[in-house]
Structures are given as structure tokens and as C-alpha cells.
1. With n ≥ 4 as the cut-off for DSSP H runs, can you work out [θ] at 222 nm for the chain, using -39500 (n - 2.57) per run divided by the number of residues, rounded to the nearest 500?
2. Under Stokes-Einstein, with the Kirkwood radius over Cα pairs standing in for Rh, what whole-number D in µm²/s applies to the chain at 10 °C and 1.306 mPa s?
3. Which whole-number percentage describes the relative contact order of the chain, with Cα contacts under 8 Å and a sequence gap of 6 or more?
4. If you line up the Cα atoms of the range 5-56 on their principal axes, what length do they span on each, largest first, in Å?
5. Loop-only chymotrypsin sites (Phe, Trp or Tyr not before Pro) in the range 13-85, please: DSSP not H, G, I, E or B, and at most 13 other Cβ atoms within 10 Å.
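Computed from the coordinates by the stated procedures, all read-outs in this text should not be read as laboratory data. The shown structure was predicted, so the numbers you read here are calculated from the model rather than taken from an experiment. Note that we place each Cβ from the backbone using ideal geometry, even for glycine, and neighbour counts take in every protein chain shown.
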Amino acid sequence: MVKYIVAMKRPSTMSVEELEKRWLEELAPDARKTPGLRKYIVNFPADEWIDSLDGFAELWFDDLTAARNGLATPEFTEARYFIGRYNIAIPLRMVVQEYPHPQGNDTIEAGLIRYCTYLKRPVNKPKPEMFRILLEEITPMMLKIPGLTNYVVDFDISAWLDTSDCMEELRFDSLEDAKKGLASPEYIETRRVLGNLAFMTVARNMVKANHVEV
């Protein structure tokens, strides 16, 4: 399957609590009507110390064609009215193919903690080379991080959305485990390597999977 990721940033006049309430009560019911939708997940901030974004939703489809068709329907357009109604910004949109490490926990359940980093490659590095580096070089380093349950790379596969090339997901069982893992020398070393390669961090956020529907 593939998933459409849409990240949100609330206006300064709206609290996180109001965004969550309106999202679940007003946007989610319309989004769930999108034709071809297989799974719908909403992720809200798990901690205030990382606040580049206010959360993101994942709309899962069978393949890229189903995603294109679903996102072009009146049902999905109706869900998008929520964005304009409350002046919510959409800094990131991606259609991605997920690559979880096969030895990790690949189940997304309510309460799962995910530290997400959105990366953009330098202009002189093609996408396939970026993907190779992340899968072959960075993944083994990531798997050494204490408390990590899985490292997932979501590669952008759309030709019409270009806000980011990929999203890294570091999955943990608890926020405490996540904070310890991100402070570890193992994680810091991965940032040094990616920095030397001129990979740019577009945004990042620590989220909890609050709403999961299959």
C-alpha cells in the first residue's frame, strides 16, 4: 500500500486542543469517506519540546493510482474545506511508499510514539541515491539506538507533490524511550552523517498515533 501524508500547522489563535477536537469531529468523518481509502491514522503532538508541526494524517490506499483517484474526488475535496475554514497551513504533503525494517515492529496502534523527520536531498543528489544511503547506510546505524522498536523510511513516490523527499520514522513504545533514544550518541552520529551529505531537515515532530482506523 501507499499513504498520503498531510501535515498541519494551526494558526496562532488556535490551541492544540482545539485543533485536535475539530480535526477528529469535523475533518476525520469527511476524510474517511474518500473512495479507495484503506486506513486512516491521525497523529497529534506527543510533547511540546518539538513543535515544527501540529500533527499529520495518513490516508492509506492500495497503490498510487488509487491514491490519485481518491484525492481527486468530491469526498476528499469536502474534507479539505476544513483547512480553509480555520486558516490552517499545510506545510507538507507527500504520497509515500513505506519501507519498515523487517526485523522491527511494523504495527501502528493507538498510543505509538513516532519521531518524524522530513528530509530534502541536495539538488546534485538523485532520489535513488538518497534512498540507497538511507536504506543501506543509515538504517543499520538507526537500529542501534536504545529503545527503538523500528526505523521506517517513507519515500515520496508522487510526481506532483515535492515538499519533501522522504520522512524518517523512529518508533518507540513510550515518550521516555524516545527522549533517551534521541539523546543517545548513536542517534547523534546519524545526524552528523546526514549533515555531511547535505541532507536538509525540512520539519520534524514527535507525535502519538491518537486515532487509528482500518
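1. -7500 deg cm²/dmol
2. On the way: Rh = 17.6 Å.
The calculation lands on 90 µm²/s.
3. 30
4. 36, 18, 14
5. Working: sites: W23, Y40, W49, F56, W60, F61, F76, Y81, F82; in loops: W49.
Of the chymotrypsin sites (Phe, Trp or Tyr not before Pro), the ones in loops of the range 13-85 whose Cβ has at most 13 other Cβ atoms within 10 Å are W49.
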